Amino acid sequence: MNVAGGEAPVTTGRIIIVGAGIGALHAALELAPRPVLVISPEVLGGGASSAWAQGGVAAAMAANDTAEDHAQDTMRAGAGTVDPAVARMVTADARAQILELTELGTPFDRDAMGGYVLSREAAHARARVVRVKGDQAGREIMQALIAAVRATPSVQVAEGVMASGLEVRDGFVTGVWLERADAPSGRVLVRGAAVLLAGGGSGGLYAVTTNPPRIRGQVIGMAARAGAMIADAEFVQFHPTAIASGEDPAPLATEALRGEGAVLVNAAGERFMLAVHPDAELAPRDIVARAIFAETQAGRRPMLDTRAVLGAEIASRFPAVTAACLRAGIDPVTEPIPVAAAAHYHMGGVDTRSDGRASLGGLWVCGEASSTGLHGANRLASNGLLEALVFARICARGIAESLGEVKDAPPVALQFPTDGDAPDPALIAELRRLMTDHVGVVRDAAGLRHALAGIARIEAQGGESENLRNMTATATLIAAAALVRQESRGGHFRTDFPAPDPAQARRSHMTLTEALRIRSLCETEEP
Ligand code: SIN
């Protein structure tokens, strides 16, 4: 057994997987019997975004549906920048992924004939989302994967550990810096056979978010700091119906509720989406999010009314939503649910090719930390878990191919030095407020420049915390890419450039060096 202690690097033949959500666990299982080390900040299942997903997995399972129709909806929602080849590849694999998860024991909802119960979500032309117990898909898929991982001897899970940096030699990723997630600690460098990043997105960089507390852009940030190309950083998806109960993170009221017929009303009782889009509550997510944001800003208190369509059934059909409402003293059977737009999903991330590789050698990426071209400027609902599953397998196969024959490797024992810098919670709170206020649902050049100056100051005040630097790196990339994109498209809306510009209908690519150059031009902006 290798023992990592003090500053001495440890070398292992294991593949290091950073993250412990659906993509990470699926890849670990796919790689078996190759030895892997899964880095999980919490006990497995706690704190991964995947486990919080309510909607489910989009897949053409109905007799009247096709993968091509699913791909077309993905491209339409993505507002002109989806890579069609990636959309077709991912949607074509969806059915097989669902059948496999079923085999693994995921208890998808079934009808009386044994068919999958399918929910309709925004911008899908038909009901296409495979779900579990109404709003429990993420949790239940994770339970099935965790049970399989626990029974797979080749998978070592390091719980309570997080990654905070990558070692790069000659353009090749050779190791991962690890530290304790549950207490301040020093760092240990672990060099492995290959590195897969599967550690989630950036939602928690915002003050109002549906993401678990630890998901704050750290994985994208560490890859960017190591020199990886980042794509589509400006495209952040805001979910229209987070429950506005003051809880942080904000609990989600799944879009499936609107698929069932729940309507959006304001304090005056107006169903305001009717005037905004022909599909009303089922318009693409960015359009609904902006309408909700406008109602909130105008003080008209937007609410989701499930009473007429669900009545008392909401408790049995959407237990997570009901529990969140009751925690906040809202009874959804008798009252409409107050809602707000909240940062939910980052379409941008580490630029990832269709073989799962990043721009640095030895580095693969899957799930929300990646940007594969599937989502374009606006992710189609419930395509997130699907992408994670499909690319987890692609990455696992690519890694296996690159390593050749299976070699055994003993478990790694991790011991961390006790000294270390934890990020200052006040600085994180300030960063999150800045992102929500100036890099949020609605943006303009002055606000973005102000945000970049503020991010630079927060970073300078943050001392030696690698964790905070990873967050500020991602925040810088989001704000800089948003400043550069002088148009509105999908999740990126600029009040100073409110229309899409066909000449800019392409994905963006930016290194951290370029983003920092843009930031340095704004650093005199703060009062
Ligand atoms: C939801 O259930 O509304 C969220 C689903 C998703 O983000 O894909």
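The values are calculated or read from the model by the stated rules, or taken from the named source; none is laboratory data. Since the structure is predicted, the reported quantities are computational estimates derived from the model, not experimental observations. So basically every Cβ, Gly included, is an ideal-geometry build from the backbone, and we count neighbours across all protein chains shown.
In table form, for the structure just shown:
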| item | result |
| --- | --- |
| Residue in segment 365-375 that is surrounded by the fewest Cβ atoms within 10 Å (Cβ to Cβ), counting only those that are small (Gly, Ala, Ser) and under 14 Å from the mean Cα position of the chain (by Cα) | SER371 |
| Members of segment 145-158 that are assigned to a helix (DSSP H, G or I) and either surrounded by fewer than 20 Cβ atoms within 10 Å (Cβ to Cβ) or touching a strand residue (DSSP E or B) at 6+ places or on another chain (Cβ under 7 Å) (or both) | ILE146, ALA147, ALA148, VAL149, ARG150 |
| Residue that is surrounded by the fewest Cβ atoms within 10 Å (Cβ to Cβ), among those in segment 339-364 that are away from the ligand (no atom under 16 Å from the Cβ) and on the phi > 0 side of the Ramachandran plot | GLY362 |
| Test: VAL43 is touching a residue at least 12 places away in the same chain (Cβ under 8 Å) and in contact with a helix residue (DSSP H, G or I) (Cβ under 9 Å, 6 or more places away or on another chain) | no |
| Any hit, segment 113-132, residues being in contact (Cβ under 8 Å) with a residue 24 or more places away in the chain, of a type in the set (D, E, K, R) and closer than 30 Å to VAL412 by Cβ | no |
| Yes/no for LEU386 being farther than 30 Å from VAL129 by Cβ, of a type in the set (A, V, I, L, M) and touching a strand residue (DSSP E or B) at 6+ places or on another chain (Cβ under 8 Å) | no |
| Residues of segment 31-42 that turn out to be within 17 Å of MET162 (Cα to Cα) and part of a loop (DSSP other than H, G, I, E, B), as a count | 2 |
| Near pairs, Cβ below 7 angstrom, 6+ apart or cross-chain, from segment 480-502 (under 19 Å from GLN237 (Cβ atoms) and aromatic (Phe, Trp, Tyr)) to any residue that is modelled with pLDDT of 95 or more and part of a helix (DSSP H, G or I) | PHE493/ARG290 |
| Residue pairs meeting the criteria (Cβ under 7 Å; at least 6 apart or on separate chains; first within 12 Å of ALA320 (Cα to Cα) and within 11 Å of the ligand (Cβ to nearest atom), in segment 243-260; second among the acidic types (Asp, Glu) and in a loop (DSSP other than H, G, I, E, B)) | THR254/ASP135 |
| ILE399 vs. criteria among the β-branched types (Val, Ile, Thr), more than 16 Å from the ligand (Cβ to nearest atom) and touching a helix residue (DSSP H, G or I) at 6+ places or on another chain (Cβ under 7 Å) | yes |
| Residue that is farthest from the chain's Cα centre (by Cα) [pool: residues in segment 102-126 that are farther than 23 Å from ALA79 by Cβ, within 16 Å of the ligand (Cβ to nearest atom) and aliphatic (A, V, I, L, M)] | VAL117 |
| Filtered residues of segment 167-217 (kept if charged (D, E, K, R) and in a strand (DSSP E or B)) | GLU167, ARG169, GLU179, ARG180, ARG191 |
| Residue among ILE141, ILE243 that is out of contact with any Cys (no Cβ under 9 Å at 6 or more places or on another chain) and of a type outside the set (D, E, K, R) | ILE141 |
| Residue check for ALA28: more than 16 Å from the ligand (Cβ to nearest atom), within 26 Å of ALA242 (Cβ to Cβ), touching a residue at least 40 places away in the same chain (Cβ under 8 Å) and assigned to a helix (DSSP H, G or I) | no |
| Helices (runs of 4 or more DSSP H) wholly inside segment 48-130 that include at least 1 residues being modelled with pLDDT of 95 or more and among the charged types (D, E, K, R) | 67-77, 84-104 |
| Output for segment 223-238, where each listed residue is assigned to a loop (DSSP other than H, G, I, E, B), more than 16 Å from the ligand (Cβ to nearest atom) and not aliphatic (A, V, I, L, M) | GLY227, ASP232, GLU234 |
| Selection within segment 239-263 - among the small types (Gly, Ala, Ser) and not in a loop (DSSP other than H, G, I, E, B) | ALA242, ALA256, GLY259 |
| Meets criteria (in a helix (DSSP H, G or I), among the hydrophobic types (A, V, I, L, M, F, W, C), crowded, with 19+ Cβ neighbours inside 10 Å and within 16 Å of the ligand (Cβ to nearest atom)) for LEU386 | yes |
| Test: residue in segment 73-91 that is without any contact (Cβ under 8 Å) to a residue 24 or more places away in the chain and at positive phi | no |
| Residue list for segment 9-20, filter: surrounded by 24 or more Cβ atoms within 10 Å (Cβ to Cβ), out of contact with any Asp or Glu (no Cβ under 8 Å at 6 or more places or on another chain) and part of a loop (DSSP other than H, G, I, E, B) | ARG14, GLY19 |
| Qualifying residue in segment 36-47 (condition: away from the ligand (no atom under 16 Å from the Cβ) and more than 22 Å from the chain's Cα centre (by Cα)) | yes |
| Filtered residue count, segment 273-309, keeping only those that are aliphatic (A, V, I, L, M) and within 22 Å of the chain's Cα centre (by Cα) | 6 |
| Number of positions in segment 401-415 that are in contact (Cβ under 8 Å) with a residue 24 or more places away in the chain, closer than 19 Å to THR174 by Cβ and out of contact with any Ser or Thr (no Cβ under 9 Å at 6 or more places or on another chain) | 4 |
| Residue selected from segment 89-126 under the condition buried (at least 19 other Cβ atoms within 10 Å of the Cβ) and of a type in the set (Gly, Ala, Ser), by the criterion farthest from GLY259 (Cα to Cα) | ALA94 |
| Test result for ALA77, over 20 Å from ILE22 (Cβ atoms) and within 19 Å of the chain's Cα centre (by Cα) | yes |
